[in-house]
Each structure stands twice: as C-alpha cells, then as structure tokens.
Amino acid sequence: MTATDRAVELAITAARAASDLKADEIIALDVSEQLVLTDVFLIASGTNERQVSAIVDAVEEALHRAGVKAIRREGKSEGRWVLLDFGDIVVHVQHAEDRVYYALERLWKDCPVVELPADARGGDGGTGTAE
C-alpha cells in the first residue's frame, strides 16, 4: 500500500507553505507501509525558533485553506521541534540543530521518498530526497 493521492496532495501543499517561508531540507516520506496512523511524514527545518514557529503557522494556514485542521499539535511553545498531525500527514518542523540530532530521515530511511515539486523543496534548493 502506498500513500493516498490526498495525502500526497496535502504534503505538497504543506511543503509549499514551508518553502515560502524559506524552510530548509523539506522532504516527504511515504510511511504508509510502516504506520497505520498516517501516510506521509513531511519534515522541514528552520534556522531559529521564530522561523520554526512561522513555518508551522504557514503550514497550518495552508492546510486549513485545503479543508484540513490539525488533530494534534505538539512543541509549538518551545519552537524547536513542532509536530502537526493532520491525520493523512504528519508534519515535523525542526530547528536545524535538532534535525541533525534526531535524524528522522535516517530513522525512516526504508520508507520511499515522495517526490516534491521544485517550489516545495525549501530555501536551500533541496533535492526532495532523504539522502
């Protein structure tokens, strides 16, 4: 089983919102084979707490416009690692230092990468891959 078209569409919407705020290293992973709770993990980085918070706000607003509201949000007050659970997708916005430390891409390396369009890959011109 692979991620649903709706999950991929929402991940791209969220990635574009994050990219618009210069998030770095945006990647999407199809975790549908490993998890029953969600189809896609979207991971993005910010360089400081303020940027992480702004990225989170932009993602929530974009997905709200797409008709989806977060079921759960954790970590917003700290601004280091914010998890947004939208059901079909889970968005992780991490401070760049925490991203390196926790290395979610390495933890989920067996999951296929969801190809993101160029305008949804982040301020660093990321590849859209989990390498």
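Key figures for this structure:
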{"item": "Those residues of segment 64-88 which are of a type in the set (A, V, I, L, M) and touching a residue at least 24 places away in the same chain (Cβ under 8 Å), in sequence order", "result": "Ala66, Val68, Val82, Leu84"}
{"item": "Residue in segment 120-130 that is at pLDDT 95 or above and either farther than 18 Å from Leu21 by Cβ or outside any loop (DSSP other than H, G, I, E, B) (or both) present", "result": "yes"}
{"item": "Residue list for segment 6-56, filter: assigned to a strand (DSSP E or B) and either in contact with a helix residue (DSSP H, G or I) (Cβ under 6 Å, 6 or more places away or on another chain) or among the hydroxyl-bearing types (Ser, Thr, Tyr) (or both)", "result": "Ile26, Ala28, Val40, Leu42, Ile43, Ala44, Ser45, Gly46"}
{"item": "Pick from segment 86-109, criterion among the β-branched types (Val, Ile, Thr) and under 11 Å from the mean Cα position of the chain (by Cα), ranking: farthest from Arg65 (Cα to Cα)", "result": "Val93"}
{"item": "Lone qualifier among Ser53, Ser32 - being among the polar types (S, T, N, Q) and under 17 Å from Ala96 (Cα atoms)", "result": "Ser53"}
{"item": "Any hit, segment 94-113, residues being touching a residue at least 40 places away in the same chain (Cβ under 8 Å), surrounded by 22 or more Cβ atoms within 10 Å (Cβ to Cβ) and either among the basic types (Lys, Arg) or within 16 Å of Leu10 (Cβ to Cβ) (or both)", "result": "no"}
{"item": "Scope segment 13-24; condition touching a residue at least 60 places away in the same chain (Cβ under 8 Å) and crowded, with 22+ Cβ neighbours inside 10 Å; matching residues", "result": "Ala14, Ala15, Ala18, Ser19, Ala23"}
{"item": "Among residues of segment 59-94, those that are of a type outside the set (A, V, I, L, M) and part of a strand (DSSP E or B), counted", "result": "7"}
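Quick grid of which residues meet (1) over 13 Å from Leu10 (Cα atoms); (2) at pLDDT 95 or above; (3) loosely packed, with under 14 Cβ neighbours inside 10 Å:
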| position | (1), (2), (3) |
| --- | --- |
| Val31 | yes, yes, no |
| Thr38 | no, yes, no |
| Asn48 | yes, yes, yes |
| Val52 | yes, yes, no |
| Ile55 | yes, yes, no |
| His64 | no, yes, yes |
| Gly67 | no, yes, yes |
| Ile71 | yes, yes, yes |
| Glu74 | yes, yes, yes |
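The values are calculated or read from the model by the stated rules, or taken from the named source; none is laboratory data. These figures come from a predicted structure and were not determined experimentally. No Cβ is skipped: glycine too gets one built from the backbone with ideal geometry, and neighbour counts run over all protein chains shown.
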